[in-house]
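Colleague: For reference, the structure I am asking about is given below.
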């Protein structure tokens, strides 16, 4: 039986610095991160990685697990590639920092189920307009992967 994946936490405004690239962090877990970047990387590359969350940056070593082009109509404005990274050789102190970031993010995620009201179709989690309609009243965000329900009443859109 496969082991369950660690909980991934969406952290708004987090930035990643690695190799010669800077990217936006889509989500992070205790074992890795998903980063949106402008540059293609090959699987297996290892780089020093700096995760900027809050006041103190977290310094790690990250290995590229996969790098895929981002799909969707609005993806060209935010980044061209989704880069999945795993953290390698983390010290106890660094792992504690990651655990704290993920724990704080989970508390913030707990309230995301509130009803969001907007004028255009948007993801209730990351506020992206890069949203695909899956079926009636069911949508998925092409940027963060969130699956959500939504509906339109007049010119207002509701999402949860």
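Colleague: Could you give me the residue pairs with C-beta distances under 7 Å whose first residue belongs to region 1-20 and is within 15 Å of residue 54 (Cβ to Cβ), whose second residue is at pLDDT below 70 and exposed (fewer than 15 other Cβ atoms within 10 Å of the Cβ) wherever it lies, and which are 6+ apart or on separate chains?
Modeller: Listed pairs, sorted by first residue: 9/106.
Colleague: Right, next: Only one of 65, 35 is modelled with pLDDT of 75 or more, within 18 Å of residue 125 (Cβ to Cβ) and not in a loop (DSSP other than H, G, I, E, B). Can you tell me which? Steps first, please.
Modeller: Numbers: 65 fails: within 18 Å of residue 125 (Cβ to Cβ).
It is 35.
The values are calculated or read from the model by the stated rules, or taken from the named source; none is laboratory data. Treat the numbers as computed from the prediction; the structure is a model and nothing was measured. Neighbour counts run over all protein chains shown; Cβ positions are idealised from the backbone, glycine included.
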